[in-house]
1. What does the convex hull of the Cα atoms of segment B:328-398 come to per residue, in Å³, rounded to a whole number?
2. On a straight-distance basis, which aspartates and glutamates could pair with B:Lys260 in a cross-link, Cα separation under 17 angstrom, same-chain partners fewer than 8 positions away excluded?
3. Could you compute the FRET efficiency for B:Val162 and B:Leu27, with r as their C-beta to C-beta distance and R0 at 35 Å, rounded to 0.05?
4. Is there a pair in A:Lys68/B:Lys154; A:Lys96/A:Lys142; B:Lys81/B:Lys163; A:Lys43/A:Lys102; B:Lys193/B:Lys306; B:Lys247/B:Lys392 whose C-alpha atoms are over 29 Å apart, and which pairs would that be?
5. Once every Cα of segment A:68-123 carries one equal point scatterer and solvent is ignored, give the base-10 log of I(q)/I(0) from the Debye formula at q = 0.17, 0.20 Å⁻¹, two decimals.
6. Calculate the all-directions average of the projected area of segment B:112-269's alpha-carbon convex hull, and give it in nm².
7. Hey, with R₀ at 41 Å, roughly what FRET efficiency would B:Lys149 and B:Met377 work out to, going by the Cβ-Cβ distance, to 0.05?
8. Which whole-number value in Å³ per residue fits the convex hull of the alpha carbons of segment A:1-103?
Amino acid sequence: MSCDYYIHMRRAIQLKDIVPAATNTVNTQFILLEKGSIAQDGKEMTCLALVADATASVHFQMWGSECKTFEPGNIIHLADGIFSYHKNNLVLRAGKRGKAEKVGEFTMLFVETPNMSEIRGARDPNNPKKFVQEATVSPHSKIFTPSR
Amino acid sequence: MCPERLLRTVPHEAENPIEKSLKEAFLLLQDQLKPPFPLTIPFPPEYSQLNHAIAFGILAQPHLAKLLWVYSMLIHVSAEKIETLFISLMRQITGGDFSESNLWLSVEVLKILSNNWDWLVEEPIVLSSALYVYLRLLADHFRLGGSFKLEELKRMEIDFCVKALREHFQLSMHIGRDLVRILQDVTYIPEFKDIWKDLLFDPKSFQVSEFSSLSNLYWRRTPSHFFLLRISPQMESQLRFLLTFVKWGSQKRYQTWFVKKHLYWPGSESMISDIVRFICCVHHPSNEIIHSNVISRWAVIGWLLKSCRRNYYEANAKLALFYDWLFFDEKIDNIMNIEPAMLLMVNSVPQYVDITHMLLEFLFLLVDNYDVHHREMLAGSVSASINLLLRKGVVHSLDPLISCNSISPALRERLNSFLPALHLCCHKKVNEDETSIDI
């Protein structure tokens, strides 16, 4: 097993623990559940996806070649990603410094609720670096309605 | 590990750790792998790295052809323990897939086997496994119209299977009762029609003392490793994951992905009967999993049956589901093989009673028509299956079926007729408790 894998997994956090921040420090693993339609954002292709791990789901913003590469069922490692607001949506993405890689498919458990993109928070007044969850806008994604 | 992927970096895909270590070894030693070669003998710890480097050098060449050449050379030098290599190769030949690459693999593996009969007869597992695989593939290939290449493949497949059956029937018998099932799918091919006739009316012509009647095959339970042959390793790991970890209610997405990956092209339905055999006979969940919230085998089979779009494949899938019922013998058979069919029928009432109806109808059709010369034997086995399932508490009673008005009275009456032995037993048992009658 390569060194990179171990380093990544030691730093990995679960989706339920991600908080919005302007830093690219999110290392995590998830399975891609559903892809939205591919759109154009200036010169780049973008595509929003519903991803999840065993603790929570979240919206994952894909850019450029990611849009065509990742498919539902793919298990993805995200290194140095960002979880922040982008055009009014709270999304997880690789960003300029991060990297998303497919490491497998199918064999990962997931839950669809809570959805971390549908939780609104505010900065902790005593500690501006900390976010506090204020309210759940919706237990599930409002963009990818749960399949029956 | 896929040889074609070596040396090629795929964007957004993590490097496989095995590939990475082979490549590193190659890059480190590549100067030593071309002339002038060093005259010193490496130390044993260096062998592993040298082997890795050589393996990378071979495998990085295009592509699977090289791998097949290596395998045929291994036979040539009588290398040990290479049967697993051939088994895993054959598992990579996808059922119902008429793409050029898949047909090419079919041909190439068959060529190696056909050119090495002396070796093959010393490897009963490879011979019987290859017979199983190519009989199944023939059933698919014969339905496809004739490109010239395919005609050549079909001819090779027929020659191989006929030779295995006519000249090495003792080894072919290792397959057991499922040999009858898969042979019946090809009896419209003249060579197999003749073999079928001889199996029925001239069993002695196969020159195997233990084989005097087709029923000798019925009483041989098919070893479970045969059912892995038509399931690729990836399909196997996904099915096992589904049946081991995924909870009731969460299966829908996994099922969609499974279909998208394995069952989306025309002809892929052919694999559904193989998947059903795998689920019934190979994947036996522990009691802990059975009593947990994990999705049950019967539910996955119900979904697979519903995925069949054509009657032919649906009928084959139902036969695969009930096959062990027809020949069940408590002394040699496993109750786990017959459990899914019963649970599917009972649990489909009342919400999906059409499934129960359809399955009962099919079961009785089988008992009456599968082998008219052995009708009573088949009925006895089905009765024994139902009795055992009730005795062991897999279901507590068949009353939900027998008293269900949505199932036709004729079917319900027929089902009841398989129960008298049990009722009698229960009645006797009650008497025993009360008065210790010596039965």
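Just so it is clear, none of the values below were taken in a lab; they were calculated from the coordinates. Please read these numbers as outputs of a predicted model, since none were measured by experiment. Using ideal geometry, Cβ is built from the backbone for each residue, glycine included, and neighbour counts are taken over all protein chains shown.
1. Values: hull volume 5.9 nm³, N = 71.
Taking only Cα atoms, segment B:328-398 has a hull volume of 82 Å³ per residue.
2. Answer for B:Lys260, where 17 Å is the Cα cut-off: A:Glu34, A:Glu71, A:Glu105, B:Asp97, B:Glu236, B:Glu269, listed by chain and number.
3. On the way: r = 50 Å, r/R0 = 1.42.
In this case the efficiency is close to 0.10.
4. On the way: A:Lys68/B:Lys154 39 Å; A:Lys96/A:Lys142 27 Å; B:Lys81/B:Lys163 24 Å; A:Lys43/A:Lys102 24 Å; B:Lys193/B:Lys306 32 Å; B:Lys247/B:Lys392 25 Å.
Check vs 29 Å cut-off fails for A:Lys68/B:Lys154; B:Lys193/B:Lys306.
5. Treating every Cα as an identical point scatterer, log10 I(q)/I(0) equals -0.71, -0.95.
6. Working: hull surface 45.3 nm².
Averaged projected hull area, Cα only: 11.3 nm².
7. 0.40
8. Values: hull volume 10.6 nm³, N = 103.
Convex hull volume per residue, Cα atoms: 103 Å³.
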